[in-house]
1. Cross-link candidates for residue 157: which lysines have Cα within less than 18 Å, leaving aside residues fewer than 8 places away along the same chain?
2. Ordered by residue, what ³J(HN,Hα) values in Hz, to whole numbers, does region 90-104 give under the Karplus form 6.51 cos²θ - 1.76 cosθ + 1.60, where θ = phi - 60° and Gly and Pro are x?
3. If the chain between residue 232 and residue 136 were fully stretched, how many nm would it gain, using 0.36 nm times the residue separation less the Cα-Cα distance?
4. Across 10 Å bins from the origin, how do the percents of Cα pairs in the chain run, short distances first?
5. As a quick test, which of the pairs 74/178; 34/178; 65/207; 178/207; 65/179; 34/65 have an alpha carbon distance above 22 angstrom in this structure?
6. Taking only protein heavy atoms into account and a 1.4 Å probe, give the accessible area per residue of the chain in Å².
7. What number comes out for the charge environment of residue 228, summing +1 per Lys or Arg and -1 per Asp or Glu over other residues with Cβ under 12 Å away?
8. Residue 40 to residue 185: FRET efficiency via 1/(1 + (r/R0)^6), r the Cβ-Cβ distance, R0 30 Å, to the nearest 0.05?
Amino acid sequence: MMSTEGEAAVADLNNSATNTANSLTNAVQVLSQKIEQERQGLANLNLPPAAIDQATARLDDTRQKAEASANGAKSELTNLSQILPKLAGAWEISATAAQARSLATSAREYASSVKPQNLASTNTWESASAREFRTSAGEHATAADNAATDAENLASKLESLSDKATADTATLIADLAKKVNEMAEQAGPLSEIGSAPGASSALDTAKEGLSSTRESGVAQLESTAETASGELAAL
């Protein structure tokens, strides 16, 4: 089960991505409305046809670039949302480690309960079958102790992996959140005719930054998981 901390971090990032995508959609809609108004206003100005055509082309170019940049950014935000379940899995490792630790404790307790010296002092073990079992109780105890050791080693390895995975994932989520925020900051400027070209360029840069951070971060987490898988298999 995912921890409250992990669940909150992933949910916050997902909400931020969704809100940013919605803001960009709204910004383009507002920009388009303003551009249409500007286009209509050009007809009322006493300007040469060539000047009107040039102004109209500039407005159309501004809208097209804004739409393309916003769509590119929203596509990358969708890519981000799709990896969030994978990031959330980092906080689930600790639960598996706790289960392994609990199994180890149970095995130790069983080993102690079947040790010959402990059975000999238990009156309920005075039947013929009990005496027969007691002769091999040492083997049972040893097997249980070995199982406990294996479970403890597994728990220790999982706990170490959990610490690294959650720390690395928390750092990645924070980095991704910064990139998403950089996108969100362009929504306002994108809705204005004068600032839209610069916002489109900044949005393209933010998109590339988010994509790079996402890809490199996921690759690092997958590398860590692969290494850990090999170590676990060797136990």
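1. The reachable lysines, counting only those whose Cα sits under 18 Å from residue 157, number zero.
2. Working through the residues one at a time gives 4, 7, 8, 5, 4, 5, 5, 4, 5, 5, 5, 5, 5, 4, 4 Hz.
3. Values: separation 96, 0.36 × 96 = 34.56 nm, distance 3.16 nm.
This chain segment gains 31.4 nm when fully extended.
4. For the chain, the pair-distance distribution reads 7, 21, 17, 14, 12, 9, 7, 5, 3, 2, 1, 0.
5. The answer is 34/178.
6. Numbers: 12910 Å² over 235 residues.
Here the residues of the chain average 55 Å² of exposed surface.
7. Values: positive: 157, 164; negative: 159, 163, 168, 222, 226, 231.
So the environment of residue 228 carries a net charge of -4.
8. That gives a FRET efficiency of 0.50.
The values are calculated or read from the model by the stated rules, or taken from the named source; none is laboratory data. Since the model is a prediction, treat every value here as computed from it, not as a measurement. A quick note on method: Cβ atoms are made from the backbone with ideal geometry, for glycine too, and the neighbour counts reach across all protein chains shown. Heavy atoms of the whole protein, side chains included, go into the accessibility calculation; ligands, DNA and RNA do not. Shrake-Rupley method; radii C 1.70, N 1.55, O 1.52, S 1.80 Å.
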